[in-house]
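I have placed the structure first, in the form of structure tokens, so that the comments after it can refer back to it.
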Amino acid sequence: MNLTPAESNLSVAPPKRATPRRSALKDTPSPSSPEPAPNVGVASVSQLNATLAEYLTPAELKKVKEAYRFSDEMHLGQMRKSGEPYISHPIAVAEICAEWKLDAQAIMAALLHDVMEDQDVKKEELIERFGAPVATLVDGLSKLEKIEFQSQIEMQAENFRKMLLAMARDVRVILVKLADRLHNMRTLGFMIPEKKRRIARETMEVYVPIAHRLGLNNIYRELQDLAFAHLYPMRYRTLLKAVKSARGNRRDMVSKILEAVKTAFANAGIQAQVSGREKTLYGIYRKMRSKHLSFSQVLDVYGFRIVVDSFPNCYVALGTLHALYKPMPGKFKDYIAIPKLNGYQSLHTTLVGPYGTPVEFQVRTQDMNRVAESGVAAHWLYKNVEGGIGDLQQRTHAWLQSLLDIQKQTGDSAEFLEHVKVDLFPDSVYVFTPKSKIIPLPRGATALDFAYTIHTHIGDQTIAAKINNEQAALRTELRNGDIVEIITSPTSRPSPNWLTFVRTGKARSAIRHHLRTINLVESTDLGKRLLAQALIALKLNPELSGDVAERLKRESSAKSLDELYADIGVGKRMAALVARHALGLAEGETARPAAPVVLTGEPTSSKNKLDPVTIHGSEGSAVQLAQCCLPIPGDDIVGQLKRDQGITVHTTDCEIARRQRIKEPDRWIDVVWGDDLNRRFDCRITLLLKNERGVLARVAAEIGESDANITSVGMEDDKDQLLMQLRFTVQVEDRVHLARLMRNVRRIPGVTRLLRERN
């Protein structure tokens, strides 16, 4: 299209154009570009101006015009893969934002969102020209400056972290970002196949869940279908053809249902807007995959939406529908009484329609419908409409605040994104506090997740939980309607084992933060020794020079070298990778001696070789004994570095350790028992003995006589069997003590078999 001054009030006489600031313009079409995607229309300045004029003041329009002129000047000569002037993309993003009636600052940020990344415009220049709020929005939308990352994944994670934190401070950032991603997805057909798949996968994994979490259902559905089309083009085309073919066959059924519903509402005196809708292609595909159905077996391709004039009429309309068609058992959901996490409210019911076909109906008010379609953007779309939006804004603010809480407790970008993506899953369960407050949680959340959702300190001090007034394990998964009570103790602290079952990002980040901060001295010392061992393995001196230490500290974003050592000690960073990075070795290169500038001191010799890490048993959370094999002093042992859990010690013959060592060989280190052990260690033993009266008491007494403590006991007792099996967990000093105990127990009459239980 031609962007001429006559086209719009936004386009004024062209200023003197500046030379583009980059010599290599991005998105220049190449001769090998793929066939273009279906034409989605080129952005029009006149259309944007007409939309903005409906709700912006003349003064605001003038500021938007200045932003457009600056963006047009900066992108001069830059082309998209489609061959259009690059400025058409910022205009299209601004058009999408204008449909939500975002304010002038957000529209200006949409027009300027690529100038920092593409043309090296500094934030200070944007502040001077357009003010700090606009500059902050653009900065939140821009990708990072060119920082060295160890991998593409790490770079992407850091970009998402920056974007999500900017969103937490101002939700307009993500609205403009989603508009940007939507237009890029609409025009993705011009990219090479590999890039299309990468962007589509990124959209499906991150942007689609964010759009859903913020209640932007229209954007959510369109992004899903666009990502599906580029990830699985053959499946998309096949399904699209099947749906088009089915439309003709089902048109009569849809018309019949619409007519019957409208007549029923008219007879009941209910004013309602009734409309039929087709499920998205990705929605149909997902149902086929999850339930292993063919397309012909997916009967509820169509759904119907009922929009009524008042809250009470939602339930009256529901009763009318149930009188017209029979409801399917278990297919009714009341999202009005208990809204979804993203503020969505509606009644859902599935009825048996004509010809026995299941048909889904959604019943809601006008206000609910606005929020359902536009989510948090409804705040700008319907500022004068009362009701239904305040609660949504509060929910969104609470979630955004939780992002800041997670960031404070999280060490790196990949971990931050891991936590946030967990909380973006749409499926939810709704549970109650003892005071009847509703708490929404991701599906699969546990009682411990509930505790951390209430408050981090409550989660940290949790010792027990009651679900529906009955004692329950902290790992118990919660179900809809559960009443959960948390019991705390000021002396309780998080356990590394908790990370194996918590579900929410907030709980995981809080537990990891606690494990990183306790026993910091032990973790720092351990990390220093592990890094020294890694450097020695490269035949180099373990003492880092000041220059290398500073570079490592700077590039790892650590505040001090001790913090870097602590990260290695808790398994957050791999000592081998840090050592290679310090020496300027790329991952996978053959180790070689570094230049003298890298390390201080003389070349190393065999006498510099460090001993294995010594286990004393008093290290606290920095060292854990594996529950699968329960090593005790005297066993041959090996150490596994687990992320944010320090060292987990296994016996060398542990089958679980063997399998994990094959998967992650770099995370295993040599460890040995110390000489000054000052505690007792858990060990499991299993007995097979005659099923006689008083046998349990005799075994327990003999264990006590052997100076061992019983911490748990289990029994498999069958009255019809001659033999019974007993399992004890006992605390012993070492293998010698265990051997003496087992020798004494074997002397008990009736004991036919006794062994130490492993794995």
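Structure notes:
- Of note, K333 satisfies the criterion of being open to solvent by 70 Å² or more (accessible area, probe 1.4 Å) and either of a type outside the set (V, I, T) or more than 27 Å from P442 (Cβ to Cβ) (or both).
- Members of segment 490-517 found to be open to solvent by less than 20 Å² (accessible area, probe 1.4 Å) and among the β-branched types (V, I, T), listed by number: V502, T504, I511
- Residue within segment 52-75 that is of a type outside the set (S, T, Y), modelled with pLDDT of 85 or more, in a helix (DSSP H, G or I) and over 20 Å from R129 (Cα atoms) present: yes
- Selected residue [of a type in the set (A, V, I, L, M, F, W, C), surrounded by fewer than 19 Cβ atoms within 10 Å (Cβ to Cβ), in contact with a Pro (Cβ under 6 Å, 6 or more places away or on another chain) and at pLDDT below 85] from A13, A6, A24, A18: A13
- The residue that is least open to solvent (accessible area, probe 1.4 Å), among those in segment 452-487 that are among the basic types (K, R) and either in contact with a Ser or Thr (Cβ under 8 Å, 6 or more places away or on another chain) or at pLDDT 90 or above (or both), is K466.
- Flag if G694 is modelled with pLDDT under 90, more than 49 Å from the chain's Cα centre (by Cα) and surrounded by 14 or more Cβ atoms within 10 Å (Cβ to Cβ): no
- Looking only at segment 336-367, and only at residues there that are in contact with a helix residue (DSSP H, G or I) (Cβ under 8 Å, 6 or more places away or on another chain), among the hydrophobic types (A, V, I, L, M, F, W, C) and at pLDDT below 90, the one that is most open to solvent (accessible area, probe 1.4 Å): L341
- Filtered by the rule that a residue be surrounded by 22 or more Cβ atoms within 10 Å (Cβ to Cβ), free of Cβ contacts under 8 Å to residues at least 60 places away in the same chain and under 29 Å from the mean Cα position of the chain (by Cα), segment 113-137 gives D114, A135, L137.
- Per the listing V316, V261, V208, the residue uniquely in contact with a helix residue (DSSP H, G or I) (Cβ under 8 Å, 6 or more places away or on another chain) and free of Cβ contacts under 8 Å to residues at least 40 places away in the same chain is V208.
- Residues within segment 603-634 that are touching a Leu at 6+ places or on another chain (Cβ under 9 Å), at pLDDT below 75 and of a type outside the set (S, T, N, Q), tallied: 5
- Scanning segment 645-681 for residues that are polar (S, T, N, Q) and either at positive phi or assigned to a strand (DSSP E or B) (or both), we see that the one that is modelled with the lowest pLDDT is T648.
- Annotation note: of L214, L239, L258, the sole residue that is modelled with pLDDT of 70 or more and either in contact with a Cys (Cβ under 6 Å, 6 or more places away or on another chain) or open to solvent by 30 Å² or more (accessible area, probe 1.4 Å) (or both) is L258.
- Check on S706, open to solvent by 40 Å² or more (accessible area, probe 1.4 Å), of a type in the set (G, A, S) and over 24 Å from I637 (Cα atoms): no
- Across segment 709-736, the qualifying residues are those that are part of a strand (DSSP E or B), exposed (fewer than 15 other Cβ atoms within 10 Å of the Cβ) and over 43 Å from the mean Cα position of the chain (by Cα), and the one among them that is modelled with the lowest pLDDT is L723.
- In segment 264-294, residue surrounded by the fewest Cβ atoms within 10 Å (Cβ to Cβ) [restricted to those that are without any contact (Cβ under 8 Å) to a residue 24 or more places away in the chain and of a type in the set (A, V, I, L, M, F, W, C)]: A266
- Residue check, L520 open to solvent by 70 Å² or more (accessible area, probe 1.4 Å) and over 17 Å from I439 (Cβ atoms): yes
- Filter pass, L552 being more than 29 Å from T462 (Cα to Cα), open to solvent by less than 20 Å² (accessible area, probe 1.4 Å), modelled with pLDDT of 75 or more and in a helix (DSSP H, G or I): no
- Residues of segment 739-759 that are open to solvent by less than 50 Å² (accessible area, probe 1.4 Å), at pLDDT 90 or above and not β-branched (V, I, T): A739, L741, M742, N744, L754, R756.
- Out of I662, I669, I685, one residue alone is among the β-branched types (V, I, T), within 30 Å of P612 (Cβ to Cβ) and open to solvent by 90 Å² or more (accessible area, probe 1.4 Å). It is I662.
The values are calculated or read from the model by the stated rules, or taken from the named source; none is laboratory data. Computed from a predicted model, the values in this text were never measured in an experiment. Because the Cβ atoms are built from the backbone with ideal geometry, glycine has one as well, and the counts that use them run over all protein chains shown. Just so you know, the surface numbers come from the protein's heavy atoms only, side chains and all, with ligands and any DNA or RNA stripped out. Shrake-Rupley method; radii C 1.70, N 1.55, O 1.52, S 1.80 Å.
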